[in-house]
Amino acid sequence: MEFKRMFNLESEGSDGGSSDDFCGHYCASDDEYDDEEGFESRGGSDSGEKGEGDAVDGKGSSGAKNPGNGGPRGQPAADDFLGRKFATEEDAYAAYKKFARFKGFGVRKGDVACVNGVLIRRDFFCHRQGTRHPKHYDRPERVREERLESRTDCKAKLKIYYDVQHSVWMVRTIFDEHIHDLAPVTFTHLLPSHRKMSDGDKAQVESLKQFGIPTSKIMAYMAGQSGGYGMLRFTKQDLYNYVHGQWVARICDGDVAATISYLEGKANADMITAARYTRTADNHLASLFWADGEMMSDYQLFGDVLAFNSTYRSNKYRKPLVVFSGSNHHKQTSIFGFTLLEDEKVRTYRWVLLNLLDVMGQKKPCVVVTDGDKVMRMAIVEVLSMATHRLCGWHLEKNCVQRVKDTEF
């Protein structure tokens, strides 16, 4: 019997995304990112920045009044940040978010710098900093209409550095001149960095879900309570994300535990059944691989040609499912194993292929057939360097039908 709980050690040393994704270019989310190398700013020019003792206020035409010139009483001004000290970087981030909400723009975390593993600098950008990467404009295979451009390469930012001597974070620079219209005060709560579901909202959603109310109906009900969708402190997508997160947390001890228990039972009944899985940092199921004795026997006989493809999150758990298959001497499909993936990154596919080889006695296929996914290709080159990589004919025909518009082709 072989049943191992394996943890993906590779993920500890791999970064969640390339720093180039945020290097003045558009990314899909507004989340912060970390880069522990280098001291050079990658988020726009510093030519217009003001250091300690000086600042520039915004000139957005549609936002709140200039806080330094006749703004509402108690509203923070850009000058107030210079020289300020904060106990943690999160305190500085919260203060800058409060300032941004008054002014009419959002905030996202930007560049960092480290010395000997110690964070010494952090930048906070306007949420419209950077531009969309040119590669996203040249995608003839795009099916859906591309999203509207949300980045304007705005240079507004706040820079803080860590004073080691006094163990505090200090504001080094603030640049508050925006090249876009600022949002009216009545809508700033809908900007990405300012949207948030309160504890009361979450409690109400959970209460309604217990009675089987659909998420769309909950959204309409709560909008009616607040006086309209624009009065809510969150968007429809925020609500769906929260509901999905709660559902994932519940199945951690439900479907996942039942699956692990079932595979353990199979392993006890079939001594050569193998199942391996990894967990995420918050103790959720990450990736799961399993193969029984019959699959292993078939692989030893017919595993010279290995085909695998992932169905893109078409199951209810929104995890890519990979099926390893081949063909026997009767030209029938033989299954060699299954995998549910945490994501579709190189390290994840590498983990899958290494476990497949380990379970199959290190027998490597001669030919690997895939749908041409670039990430798969990179993992195959690393793990199965001697195998010949070929594209699936079915996918080639499908792409021709979808992409070639010539009726006589």
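Kindly list the number of the only condition in (1) touching a Lys or Arg at 6+ places or on another chain (Cβ under 8 Å); (2) closer than 21 Å to Lys319 by Cα that fails for Leu354. If we test Leu354 against (1) touching a Lys or Arg at 6+ places or on another chain (Cβ under 8 Å); (2) closer than 21 Å to Lys319 by Cα, just (1) comes out false.
Based on this model, can you work out whether Leu190 counts as closer than 20 Å to Tyr229 by Cβ, among the aliphatic types (A, V, I, L, M) and out of contact with any Lys or Arg (no Cβ under 6 Å at 6 or more places or on another chain)? Don't jump to the end; show me each part of the working.
On the way: closer than 20 Å to Tyr229 by Cβ: yes; among the aliphatic types (A, V, I, L, M): yes; out of contact with any Lys or Arg (no Cβ under 6 Å at 6 or more places or on another chain): yes.
So Leu190 passes the test.
The lone criterion from (1) in contact (Cβ under 8 Å) with a residue 40 or more places away in the chain; (2) surrounded by fewer than 19 Cβ atoms within 10 Å (Cβ to Cβ); (3) over 28 Å from Thr280 (Cα atoms) left unmet by Gly303 is number (2).
Scanning region 84-104 for residues that are part of a helix (DSSP H, G or I) and hydroxyl-bearing (Ser, Thr, Tyr), we see that the one that is nearest to Thr173 (Cα to Cα) is Tyr96.
Among the residues of region 266-275, at least one is open to solvent by less than 60 Å² (accessible area, probe 1.4 Å), part of a helix (DSSP H, G or I) and at pLDDT below 80.
Residue-by-condition table, conditions (1) open to solvent by 60 Å² or more (accessible area, probe 1.4 Å); (2) at pLDDT 80 or above; (3) not in a loop (DSSP other than H, G, I, E, B):
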| site | (1), (2), (3) |
| --- | --- |
| Leu239 | no, yes, yes |
| Trp247 | yes, no, yes |
| Arg250 | yes, no, yes |
| Ala257 | no, no, yes |
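Looking only at residues in region 360-380 that are without any contact (Cβ under 8 Å) to a residue 24 or more places away in the chain and under 25 Å from the mean Cα position of the chain (by Cα), the one that is least open to solvent (accessible area, probe 1.4 Å) is Gly372. Scanning region 301-323 turns up no residue that is more than 16 Å from Val367 (Cα to Cα) and among the acidic types (Asp, Glu). Here region 167-186 is the region considered, the condition is being in a loop (DSSP other than H, G, I, E, B) and touching a strand residue (DSSP E or B) at 6+ places or on another chain (Cβ under 6 Å), and the residue that is farthest from Phe81 (Cα to Cα) is Glu177. Looking only at region 366-385, decide whether some residue is farther than 29 Å from Thr278 by Cβ, assigned to a strand (DSSP E or B) and not charged (D, E, K, R). Checked against the condition, which is being farther than 29 Å from Thr278 by Cβ, assigned to a strand (DSSP E or B) and not charged (D, E, K, R), region 366-385 yields no hits at all.
Apart from one condition, Gly393 fits all of (1) open to solvent by less than 50 Å² (accessible area, probe 1.4 Å); (2) modelled with pLDDT of 85 or more; the exception is (2). In region 391-409, the residues that are over 28 Å from Val305 (Cα atoms) and of a type in the set (Phe, Trp, Tyr) reach residues that are open to solvent by less than 90 Å² (accessible area, probe 1.4 Å) and modelled with pLDDT of 80 or more with C-beta atoms within less than 9 angstrom, at least six apart or across chains, in these pairs: Phe409/Cys400. Residues in region 116-127 that are open to solvent by 20 Å² or more (accessible area, probe 1.4 Å) and touching a Gly at 6+ places or on another chain (Cβ under 8 Å): His127 alone.
Entry remark, region 110-154: residues being of a type in the set (A, V, I, L, M, F, W, C) and at pLDDT below 80 number 2 in total.
Among all positions in region 105-115, there is no residue which is open to solvent by 50 Å² or more (accessible area, probe 1.4 Å) and either assigned to a loop (DSSP other than H, G, I, E, B) or within 18 Å of Arg195 (Cβ to Cβ) (or both). Considering (1) within 30 Å of Ala286 (Cα to Cα); (2) open to solvent by 60 Å² or more (accessible area, probe 1.4 Å); (3) out of contact with any helix residue (DSSP H, G or I) (no Cβ under 8 Å at 6 or more places or on another chain), the lone condition that Asp181 does not fulfil carries the number (1). Against the list (1) assigned to a helix (DSSP H, G or I); (2) within 30 Å of Lys85 (Cα to Cα), the condition Met197 fails is (1).
With closer than 25 Å to Asp91 by Cα, out of contact with any strand residue (DSSP E or B) (no Cβ under 6 Å at 6 or more places or on another chain) and either hydrophobic (A, V, I, L, M, F, W, C) or in a loop (DSSP other than H, G, I, E, B) (or both) as the only criterion, which of Arg144, Arg233 stands out?
On the way: Arg144 fails: closer than 25 Å to Asp91 by Cα.
Testing whether each residue is closer than 25 Å to Asp91 by Cα, out of contact with any strand residue (DSSP E or B) (no Cβ under 6 Å at 6 or more places or on another chain) and either hydrophobic (A, V, I, L, M, F, W, C) or in a loop (DSSP other than H, G, I, E, B) (or both) leaves just Arg233.
Starting from residues that are among the charged types (D, E, K, R) and more than 13 Å from Ala379 (Cα to Cα), keep the ones in region 330-359 and report whichever is surrounded by the most Cβ atoms within 10 Å (Cβ to Cβ). Filtering region 330-359 for residues that are among the charged types (D, E, K, R) and more than 13 Å from Ala379 (Cα to Cα), the one surrounded by the most Cβ atoms within 10 Å (Cβ to Cβ) comes out as Glu342.
The values are calculated or read from the model by the stated rules, or taken from the named source; none is laboratory data. All of these numbers come straight from a predicted model, not from anything done at the bench. Neighbour counts are summed over all protein chains in view; Cβ atoms, including those assigned to glycine, are modelled from backbone coordinates with ideal geometry. For accessibility, only protein heavy atoms count, side chains too; no ligands or nucleic acids. Shrake-Rupley method; radii C 1.70, N 1.55, O 1.52, S 1.80 Å.
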